[in-house]
1. Is it true that ASP130 is among the acidic types (Asp, Glu), modelled with pLDDT under 95 and in contact with a Phe, Trp or Tyr (Cβ under 9 Å, 6 or more places away or on another chain)?
2. Which count do you get for residues in segment 170-212 that are among the hydroxyl-bearing types (Ser, Thr, Tyr), modelled with pLDDT of 85 or more and more than 26 Å from LYS35 (Cβ to Cβ)?
3. What is the number of the single condition among (1) touching a Phe, Trp or Tyr at 6+ places or on another chain (Cβ under 6 Å); (2) surrounded by fewer than 19 Cβ atoms within 10 Å (Cβ to Cβ); (3) of a type outside the set (Phe, Trp, Tyr) that LEU19 does not meet?
4. What do you reckon, is ARG95 basic (Lys, Arg) and in a strand (DSSP E or B)?
5. Test ARG3 against the stated conditions and say whether it is closer than 30 Å to GLY148 by Cβ, of a type in the set (Lys, Arg), at pLDDT below 90 and in a helix (DSSP H, G or I).
6. Do we find a residue being farther than 18 Å from LYS15 by Cβ, of a type in the set (S, T, N, Q) and assigned to a loop (DSSP other than H, G, I, E, B) anywhere in segment 46-62?
7. Checking the structure you have, find out if any residue of segment 102-110 is in a helix (DSSP H, G or I), of a type outside the set (Asp, Glu) and surrounded by 14 or more Cβ atoms within 10 Å (Cβ to Cβ).
Amino acid sequence: MNRLIQLLFFGLVVKPLVLIVLGLNIRGKKFLPAKGPAVIVANHNSHLDTMVLMSLFPLFKMHKVRPVAAADYFLKNKFMAWFSLKIIGIIPLERSGTVDKSRLFDDCHEALNRQEILVLFPEGSRGEPDKMSALKKGVFHLIKDQAGVSVTPVVMHGLGYALPKGEGLLVPVNVDVIIGQPIGEHENAASFVNETAEVFNELKQHCITKQS
């Protein structure tokens, strides 16, 4: 039943919303992972970020695309927890510091072992529109011991204006979704974070809405 509700939600609500209300300029869609284990890393300005990224995949693959999201926010009440876990399909990440760091990514590793595609936002929380915060090292620590996992970078521009942090009213805007080639392997977190930041900055240069 939950799978059916997910299909209906994305097929009848999310995809039409993205196609009709938001004008998407998508570049590099061929670089999206066709299957897992894989990780998508993207900048984060709006709750719409997750919906737009998931909408890029066919409906029959939707259950294989798993956003990693803050447990303290998305599990704060019963309805939001059900919707986030069963319909969006998030993997909740505990940010309180109460979980042993060695087990922090256990659910993510299990998902990758099931050939799923994870969506992560290395900035952590949502930032201000058109501003990128410093990237955290969590993605590197997730993938360093997980062989064969591709990391695909995505930069989005415009969604922070369509649904800014703290706002509940959707504003129709044009949005860029620029997808890059997978990021190569790195021996340490610092070099991985530096390359990811450089790739994000390079992809931003292809945003039409930023230049207009």
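The values are calculated or read from the model by the stated rules, or taken from the named source; none is laboratory data. Not measured: the values here are computed from a predicted model. Here Cβ is always computed from backbone atoms with ideal geometry, including for glycine, and neighbour counts include all displayed protein chains.
1. Values: among the acidic types (Asp, Glu): yes; modelled with pLDDT under 95: yes; in contact with a Phe, Trp or Tyr (Cβ under 9 Å, 6 or more places away or on another chain): yes.
It is true that ASP130 is among the acidic types (Asp, Glu), modelled with pLDDT under 95 and in contact with a Phe, Trp or Tyr (Cβ under 9 Å, 6 or more places away or on another chain).
2. Matching residues across segment 170-212 total 1.
3. The one condition LEU19 does not meet is (1).
4. On the way: basic (Lys, Arg): yes; in a strand (DSSP E or B): no.
No; evaluated as a whole, the condition is false for this residue.
5. Values: closer than 30 Å to GLY148 by Cβ: yes; of a type in the set (Lys, Arg): yes; at pLDDT below 90: yes; in a helix (DSSP H, G or I): yes.
It is true that ARG3 is closer than 30 Å to GLY148 by Cβ, of a type in the set (Lys, Arg), at pLDDT below 90 and in a helix (DSSP H, G or I).
6. Our first condition is that a residue be farther than 18 Å from LYS15 by Cβ; within segment 46-62, this holds for none.
The answer is no; no qualifying residue exists.
7. Taking segment 102-110 and keeping what is in a helix (DSSP H, G or I), we get 102-103, 106-110.
Filter again for of a type outside the set (Asp, Glu), leaving 102-103, 108-109.
Next, from what is left, pick out any that are surrounded by 14 or more Cβ atoms within 10 Å (Cβ to Cβ): 108-109.
Within segment 102-110, one or more residues are in a helix (DSSP H, G or I), of a type outside the set (Asp, Glu) and surrounded by 14 or more Cβ atoms within 10 Å (Cβ to Cβ).
Matching residues to (1) hydrophobic (A, V, I, L, M, F, W, C); (2) farther than 15 Å from ASN2 by Cβ:
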site: LEU48; (1), (2): yes, yes
site: MET51; (1), (2): yes, yes
site: MET62; (1), (2): yes, no
site: PRO67; (1), (2): no, yes
site: ASP72; (1), (2): no, yes
site: LYS76; (1), (2): no, yes
site: PHE79; (1), (2): yes, no
site: TRP82; (1), (2): yes, no
site: LYS86; (1), (2): no, no
